[in-house]
Every structure is written in structure tokens, then in C-alpha cells.
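These notes are about the structure you will find just below.
The values are calculated or read from the model by the stated rules, or taken from the named source; none is laboratory data. Just so we're clear, the structure is a prediction, and the values are computed from it rather than from any experiment. Backbone-built Cβ (ideal geometry, glycine too); neighbour counts: all protein chains shown. Just so you know, the surface numbers come from the protein's heavy atoms only, side chains and all, with ligands and any DNA or RNA stripped out. Shrake-Rupley method; radii C 1.70, N 1.55, O 1.52, S 1.80 Å.
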Amino acid sequence: MAEEAGRNARQEPQVDVVVVGAGFAGLMLLHRLREAGFSARGFEQASDVGGTWYWNRYPGARCDIPTTDYTFGFDPELEREWTWSEKYATQPEILRYLQFVADRYDLRRDITFDTRVDRAEWDDAAQLWRVHTSGGETVTCRSYVMATGCLSVPKEPEIEGAGRFRGDVHLTSRWPHEGVDFTGKRVAVIGTGSSGIQSIPLIAQQAAELTVFQRTPNFSIPAHNGPAPAARVDQLRADRDAYRESARWSRMGVPGEATELKGVTTPEDVRRQRLESAWEAGELQVITSVFADQGTDPASNEIVAEFIREKIRAVVTDPETAEALSPRDHYFGTKRPCLDTGYFATFNLPHVRLVDLRKTPITTITESGIDTAGESFEVDAIVYATGFDAMTGALVGVDVAGREGVSLQEKWADGPSTYLGLMTAGFPNFFAITGPGSPSVLSNMAVSIEQHVDWVAGCLADLRARGMTTIEPTALAEEGWNRHVADCAAITLHPTANSWYMGANVPGKPRVFYPYIGGVDGYRAAADEVRERNYLGFRLTGPDGEQCTDGVVRRLQPDVAVVLEMMAQLGLPALESLPPAQLREFMDTLNADRPLGPEVGEVRDGVLPGPAGDLAYRLFRPASPGPHPVVLYFHGGGWVIGDHGSDEPLCRDLCARSDVVVVSVDYRHGPEARYPAAAEDAWAALRWVADHAIELGGIPDQLVVAGWSAGANLAAVVAQRAREEGGPALRGQLLLTPVTDSAMATDSFRENAEGYVLTAGVMQYFWDHYCDPAARTEPAASPLRGRLHDLPPAIVVTAEFDPLRDEGIAYAEALRAAGVPVEHVAARGHTHTSLTMVDVVLSGAPVRAEIGARLRALLPEPATV
Ligand code: FAD
Ligand code: NAP
């Protein structure tokens, strides 16, 4: 009834859409809305269009993405009418461009300038937003879009005494329109991010004395400004549309070649050549992708970082200053790297001095200068290049109240929560352009802005076409997206830095990774998919009812998804179509180039007696002094493929993490030796290892059985048999994505039958080659059907996208019901195989760390010497 009454109270707003902000985003959005036949009003607190390029007029301000790319690409006519003069255009030229855009599409007539939007509230009964401005106006609109910028709210200079200084004070991000003349002045610049690094060389040209107060040195490479790069210009001329399209589907929004080379394994001469040519290119997207793994592997990152430090040392003549300018507290790229023109050489000038605030922090700003812990500096002017309350500052800076009066500040108190960075639950018809959770500041923003604007304009047109009034994300979809954003960041080095990407520059700001690092291409694919799947994860309402296709758009771990995509592109044959011999050969080829896993103290091969002949084993010993607990490990491979060395990366990982000897033992395979051959071999191996623990460097009564997949099946089977036969005594059983039952009838078999490497078809093939149908229900084949009392404590690991998931869960539950202590580790977003892909699927590492810790907890503390 209330809903009915609400619908009846629905009112017509004054305009369809209110757009806040008149930078790149607001301008394009107004144009697109007008094209689509919506009425719109824009509000901008500045006196004209331009956004970033209106406010940031400091000397040296330029873009850091080549201007061929940092430009609108949505209208070929517009592109024909504008030619950029340089590789990296200056602020005045970019501002002129945005003014030209505003004129060309006659946008100013819809924008009210010098007017701030202070407050906006959703009226659920009327189904509209009321937007209140600093001019005292209230405008009603159906949709409210904040195109307010990621870097538009200057950060407060939170420095003691900042208000006391009597000289000139300038913020790079609020620079006077008439410019500033520093001739003959003693100038202090605080801050060495992009704004400081761009302005310092030019301020130095005028100032009598320049003192740079640096808290954190930053990585910077020379921009090598000049004419636009010929290769890009040629590509654009040859086929503009193709060029722009490739930007839309690139990682950063700039077309470029991706490399597969890894830093550490690339030969020194090739490394050097790639680094030098990236240095010469003077482009962020080149220096940030010299090696495929520089954003994830500390050692690879260090190669790039040290190369840049070496360049700094080559330029800066005073070694102490060179060292102070050399970043060592964050990985390259985890804070935005800078492009400069003569920045480091500026410190060779006699009137320029660097003050390292890590050694001598600022104690206070005085009436006449700056006091540090070591010295007092008298200055005539202070320039704050201290950055922004990025990503969320402008959004929560407006008092936005959604459904039931909940404010955005309240909802985001612990960090932003969005669906696709575009919308947030509880705030119907409220959109952010390049909001947190979208690629935004990690990309060429011109491309990301266009993508967002087109998505929003398309969405509003779809709502109108369907007779719908509101759109709002569901809690499920939003949580899923937040998790995906965090998952993407977690496999990179980014979260380790005290960067503004992490909110670390603003005291008290929640520490999360704000942008989406899954790429412009990955993001676009997700946003397109949401729309194509009938607005997956959104609730749409209208006078005639509502529609909701609830769900999560990205559930796989990001690197697992990449592996699956790569495998799909390889066009591999269906594994079950290969005869076993061929399948074994094929798997050997696939495994040949994989990383071996972490260093361990010793790896050695041996044989032990089995019931039908010797069984090979490989032993992994930790580097620490022994003896150690022993883990008897059975490899995966469906009882058909694999051997004692086929799970080596996982065995090494287990050995290194848990400080245990791992003995990976072979067993006979089907179809040549069918059930129960493998189980018999596994049993023989257990007895032998228990009897020979001391020779193996083990502690006799600290034995665990472990295995992956079919190997976990064998581990479970021998654990049951050991109980039956009164020994050997086991401390535990570690079952990684185990096969526990032959029925293959669980939900996970249906949900994950295809697409996640281990398919239902492959599992059927394994069973068929291993075991006669009549014997499959025996506990030695299907341990879930065995007696589960009095078994050793178990660690059961299941993967979300695994046909075997539910039988693993069922085994854990059945063990628990039988009184066996069980730790269940559910690997979210993983597949049957991905946890074993050590050093390839990085998102598996925390899961393996958890497994390692739980395994260790089953064992007594290592004896301390
Ligand atoms: P903005 O340009 O920030 O515009 C937002 C506008 O909203 C502002 O004018 C602001 O006044 C207005 N506004 C905010 N809140 C309110 C309110 N409550 N009421 C009324 N008006 C409001 N990105 C790149 O990709 N490449 C680059 O080379 C690059 N260089 C940069 C250089 C500098 C110095 C800075 C600071 C940023 C740079 N960026 C760069 C990021 C840049 O912000 C974006 O590229 C782009 O300009 C953002 O456009 P926008 O329209 O989203 O936001
Ligand atoms: P920034 O990167 O956040 O840099 C701010 C600098 O001020 C940092 O060196 C910071 O040190 C320092 N700082 C902040 N508070 C301080 C304090 N209380 N005491 C001492 N030092 C303090 O800001 P920005 O340089 O304006 O750049 C922000 C972003 O805008 C860039 O990353 C980039 O995305 C964009 N931008 C691009 C360009 C371009 O080249 N096109 C130019 C300017 C800006 P800490 O590092 O220790 O916090």
C-alpha cells in the first residue's frame, strides 16, 4: 500500500538531470544528455568550464598522458577541428580546448557558474532529487550526476602554524589567474608530487632562492616534450577510429604493446635496452610496463626502481642530495610516477636547496618562514603542492542524502562502497563519473570519462525506453564489486604504499585502495556485461512495477580469470578427448615452463617399495635445521596423470611455509593399473614413510597425510585405513579440493561443469579410467561413504569454482559430525587447479598461507635450540 501511495506521489522534476562540474566529464555528459533528448542543468563552482585545467594554473602544469590520447575521441568532427601543439600540452592549451568544446556544442547555456552544489537529497515519495546550490536555488531532477572530479578538492595543509605566515601563500591547485611573479623572492615549495615536480624547475628560474621541502621523494622520468610522437600521430592519421577503439580496450586507456617478459628472468642486456627505451619514450604507460610483473613482484619492481635511482645519481651532482631525492620507501608505480622537465637538474643550481623532511621535519610555520627540527627558513612565499583529498573528497564534500536520509558520508565512513564506481545502494539515480571503484586515476582519464558518460547516458535512455523511473544497485552486486576491486588490488604492490590511492595522504581518511586496478579494458567489459545482462545487479522501478536481475558480475579472482582466458585463447583440446598417454604428454608440455615454487633447503629423489614394485618419491626439506614433521603428499591428476614431481611448486610451497619435510610419492595409475592399485600404493607409502621417518629427516610421531584432488582422495583413504589397522599414527590430514565421492551429482558439479579446467567431463573420464562402476562406492574409492569416526584432525580446502567443491564441503561436514576436528578453508574465486599455480596465480598465496598456518597448528611447536 505504502509503495502504491509512493508511486502515486511521483512528481515531474524541473529537469531530467542535474550535472555537477564542468570539466571533461560534465561537459561531455551535458552534450550526450542533450543529444539523447534529456533536459539538464549544470552547476560549476568555478567561473568557467575546464575543471582541473581551470584551477591548476601553476607554472609547468601539463598533462602526463600524451595529448594525442588525453583528448575527447567521441566525435571525429571535433577531432578534425582541433590540433594539439605538443606531446604534452600545457594547462592553457588544455583549458582553451575545453572552452572550444563548450563553445562548439553550445554547452555554457545550460551551466550555472560560480555556483556550488551544497546539498542534495532524494525524495522517495516524489521519486526525485532536490539539489540545493550556494546561490540559494533548489532544483528538482530525476537523476543527479556528480562529475565533480577525482582531484578537485585540495587537501588542507595540515602543518602546524600554517595560518600564521604573513608572506604570499599559493596552492598549486588554486593558482591565481593572473600568474605569480617570483622574481627576486625567497620561495618555499612544500610537496614533491606531480604538481611540485612540474612547477619547481620553473619557479627556480625566477626565484632568488628556492627551498624545496620534501617529505617523500618521488619517481620521475623526463617527459621529453616536443612534437607529438610520430608513431602515434601516424597511427591516428591512418585509422583514427581503430586507434581510439584500441585505447578503449587497452589497460590504461592508451594503445600500447603488452609484454610477457618478467623482470628477474629477462637477460641483463634485454632489460637494459627496454629500460633505456622506456626512459627515452618519456611516457608513463611505457615505464610502468617494462616488465609484465613489475607491479606485482618486488624483485622485478626493484630493477626498474634502481634504474631510475641510477639516472637520478647521474644528474644530481651532490651525492647526498641525489640520495635524498631517490625513492626507497615505496615500490615504483605504487605512488603515481611523475613526468618532468629538468626536475632533478634543478637541484644542481646554487640557489636551490632540498630539505629532507624525513630527517628534519617541519616543526611549525612562522610569520616569516618555516621552522624545521634543524633550521629556520625565512621566505617571502610558500607554495603548497600538497595534493588533494582524492577520489571521494568532492563526493562527500556535498551533503548527499539518499533513501531514508542516510548520507553518503555515513555510508562511506569506512571507505567508499560502489557498484562499478558508478552508483551506490540507497541512492537511487545518483551517479558518479569516475567514482571510486573505477579505473579513473589509474588510467587516461579522458577515455575513462567517455566510457562512464556513455554508460550513464545509455542507462538513462534505457530506463526511459522501458518506462522505468529509478535505478539502484543491489547490496549483493555492490558487495561483490567492492570485493573484486579489493581482490584486484591485493595481488599488486599498490596497497603497500602510503599513497593518495590508499587515502594515506589525508589524516583520518579510511585506508582502502580507492580506484579499480583491473584495467580500462577489464572495467569496460564488466560494465558492458552488466548492461547486456539486463542490468545485472541493479533494481529498476517504474510506475508499472520493478525489475531486478540480481547477481555479481565478477566472482573469479582476477588472476584466475586471466589464466582461464589465456587457456581459452589457446584453444586447447577437450582433455577427455585425449587417450591417457597423450594426455600425460600434453600435461608435461603445459607444465614445462611453470615457475618451480619457492626455494627450499633440499630436493632429492628416491624410491620406496610398493606392492607391485618401487615407487618414486621426491623429498622437499626446509632450509631450517631438522628434524621436521613429515607430510606424505599424493599428487593430483585423477589417478591417471601426474607423478611424484608434478605438484612440485605446491610441495615446495608447503615445505617452505610450514617448515615440514614433504615426501611426494608416486602411485600406479589407471587405466593401466586400476582401483585399488593407487590406494594400495598409497597405503604402502604411508607405512614405509612412517617406518623411515628418522632417515628422511623427520620426527617419527609427527606425520601428516596430504594430497590434492585425486591425491587428496588417497590421503583421506589411507587416513581411514590407518585408523582401521591401528597405525601409523597421524597428526592430521590435509585434503586440498579432494575427490570424496563418485556420485558427481552435487550442485557444484552442475554449476561448474564447464569452463574451470576440471570439467564434469574430465572427472567422468578420470573415474572411468580409474575404477569400475561397481567398486566406486567402496570407501577406498569414495571415502565420504566410509566410517569417519576417530580420524585425525582434518584441513579440508575447497574452491568456489570447482565441480568437486560440494563433495569437499560434504566431507568436512561429515567429519565434523563424526567428532573429527575440521578446519574448512573455502577459497573464494578459485578453481580446482588455481591454488596449485604457485607464483602464477598470486591470489592463491594468502589461501596457501592460511593452509600452511593451519597445518603448522596441527603440529607441536618446533623445538627451540
Ligand atoms: P574535474 O576536471 O576535476 O572537474 C570537476 C569540476 O567539478 C571542477 O571544476 C569543480 O570545480 C567542480 N565541482 C566539484 N564539486 C562541486 C560542487 N559541489 N559544486 C559545483 N561544482 C563542483 N588525468 C589524465 O588522465 N591525464 C593527465 O595528464 C592528467 N593531468 C592532471 C594534471 C593535474 C594538475 C591534475 C590535478 C589532474 C590531472 N589529471 C590527469 C586528472 C584530471 O583531474 C582528469 O584528467 C580530468 O581533468 C578530470 O575531469 P573531471 O571533469 O572528471 O573533473
Ligand atoms: P600529491 O601527488 O599528493 O603530492 C603531494 C606532495 O605533498 C607529496 O610529496 C606529499 O608528500 C607532500 N605533502 C602533503 N602533505 C604534506 C605535509 N603536511 N607536509 C609535507 N609534505 C606534504 O599531489 P599532486 O602533486 O598535486 O598530484 C596529485 C595527482 O594529480 C597526481 O598524482 C596526478 O595524478 C595528478 N597530477 C598530474 C599532473 C601531470 O603531470 N599531468 C600534475 C599534477 C597532478 P607524501 O608523498 O609524503 O604524502
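If I take R0 = 22 Å and measure r between the Cβ atoms of THR317 and GLN205 in this structure, what FRET efficiency does the formula 1/(1 + (r/R0)^6) give, to the nearest 0.05?
For R0 = 22 Å, the calculated efficiency reads 0.70.
Using the basic label-point model (7 angstrom from Cα toward the beta carbon), what is the SER246 to ARG80 distance in nanometres?
The two pseudo-label positions are separated by 2.3 nm.
When the chain is fully extended, how far beyond the present Cα-Cα distance does ARG164 get from SER39, taking 0.36 nm per residue of separation?
Difference between extended and current length: 40.2 nm.
5 Å is the cut-off here: which amide hydrogens, built 1.01 Å from N in the peptide plane, fall below it relative to VAL822, excluding neighbours closer than 5 in sequence?
Placed amide hydrogens put ALA794 under 5 Å from VAL822.
Where the only charges are on Cβ atoms (+1 Lys, Arg; -1 Asp, Glu), what is the dipole of the chain about its Cα centre, to the nearest 20 debye?
Magnitude of the dipole: close to 920 debye.
Stokes-Einstein at 20 °C, 1.002 mPa s, Kirkwood radius from Cα pairs: D for the chain in µm² s⁻¹?
In µm²/s, the coefficient is 71.
If the chain between GLN14 and SER368 were fully stretched, how many nm would it gain, using 0.36 nm times the residue separation less the Cα-Cα distance?
Result for the pair: 122.2 nm of gain on full extension.
Looking at the stretch 337-438 from every direction and averaging, what is the projected area of its Cα convex hull in nm²?
Computed as one quarter of the Cα hull surface, the answer is 10.5 nm².
What's the center-to-center distance, using Cα atoms, between the stretch 37-57 and the stretch 468-533 in Å?
Going from one Cα centre to the other spans 26 Å.
log10 I(q)/I(0), Debye, Cα-only the stretch 228-342, no solvent, q = 0.10 Å⁻¹?
-0.36
Ignoring ligands, DNA and RNA, what percent of the 1.4 Å accessible area of the stretch 580-858 is carbon and sulfur?
Ligands and nucleic acids excluded, carbon and sulfur reach 53 percent.
Could you give the distance between the Cα centres of the stretch 242-308 and the stretch 749-813, to the whole Å?
43 Å
Only Cα pairs under 8 Å and at least 6 apart count here; give the relative contact order of the stretch 580-858 as a rounded whole percent.
RCO, the stretch 580-858: 18 percent.
Would you mind telling me the antiparallel percentage of the DSSP bridges in the stretch 580-858, rounded to 5?
Expressed as a percentage, antiparallel bridges in the stretch 580-858 total about 30.
Mind ordering 657-667, 156-166, 501-511, 327-337 by average Cβ neighbours within 10 Å, highest first?
Peptide ranking by packing, descending: 657-667, 327-337, 501-511, 156-166.
Given 0.36 nm per residue, what is the gain on full extension from ARG272 to ASP593 after removing their alpha carbon distance, in nm?
Gain in length upon complete extension: 113.2 nm.
Counting helices only, and only those DSSP H runs with n ≥ 4, report the 222 nm mean residue ellipticity of the chain as the sum of -39,500 (n - 2.57) divided by its residues, in deg cm²/dmol to the nearest 500.
Mean residue ellipticity, 222 nm, calculated: -10000 deg cm²/dmol.
Please report the spacing between the Cα centers of the stretch 192-240 and the stretch 647-724 in Å, no decimals.
60 Å
What dipole magnitude, in Debye to the nearest 20, does the stretch 580-858 give about its Cα centre under +1 on Lys/Arg Cβ and -1 on Asp/Glu Cβ?
That gives a dipole near 520 debye.
So what is the relative contact order for the stretch 745-813, in percent, with contacts set as C-alpha pairs under 8 Å and at least six apart?
43 percent
Please give the helix 520-532 orientation as an angle from the longest Cα principal axis of the chain, in degrees from 0 to 90, rounded to the nearest 10.
80 degrees
Take the Cβ-Cβ distance between ASP550 and PHE586 as r, set R0 to 45 Å, and report the resulting FRET efficiency rounded to the nearest 0.05.
Once rounded, the FRET efficiency stands at 0.65.
For LYS509, give me every one of the aspartates and glutamates with a C-alpha distance below 15 angstrom, ignoring sequence neighbours fewer than eight places off in its own chain.
Within reach: GLU156, GLU158, ASP389, GLU410, ASP414.
Please report the Cα spread of the stretch 622-675 along all three principal axes, rounded to whole Å, starting with the longest.
Extents along the principal axes: 41, 18, 11 Å.
Quantify how much of the Cα-Cα distance distribution of the stretch 580-858 extends past 33 Å, in percent.
That fraction is 11 percent.
Relative contact order for the chain: what is it in percent, counting Cα pairs under 8 Å that are at least 6 residues apart?
Contact order relative to length: 10 percent.
In the chain, what % of DSSP beta bridges are antiparallel (nearest 5)?
40 percent
Hey, what's the chain come to in accessible area per residue, 1.4 Å probe, Å²?
Roughly 39 Å² per residue, with all protein chains present.
If one puts a single equal scatterer on every Cα of the stretch 704-825 and applies the Debye formula without solvent, what log₁₀ I(q)/I(0) results at q = 0.14, 0.19, 0.23 Å⁻¹?
With one equal scatterer per Cα and no solvent, log10 I(q)/I(0) is -0.53, -0.96, -1.35.
Given a Förster radius of 35 Å and the C-beta distance between GLU280 and ASP103 as r, what FRET efficiency does 1/(1 + (r/R0)^6) yield to the nearest 0.05?
Rounded to the nearest 0.05, the efficiency is 0.40.
Express in Å², to the nearest 10, the accessible area of HIS769 obtained by rolling a 1.4 Å probe over the protein heavy atoms while all chains stay in place.
Counting only protein heavy atoms, the figure is 40 Å².
Please report, in whole Å³, the volume per residue of the convex hull around the C-alpha atoms of the stretch 563-676.
121 Å³
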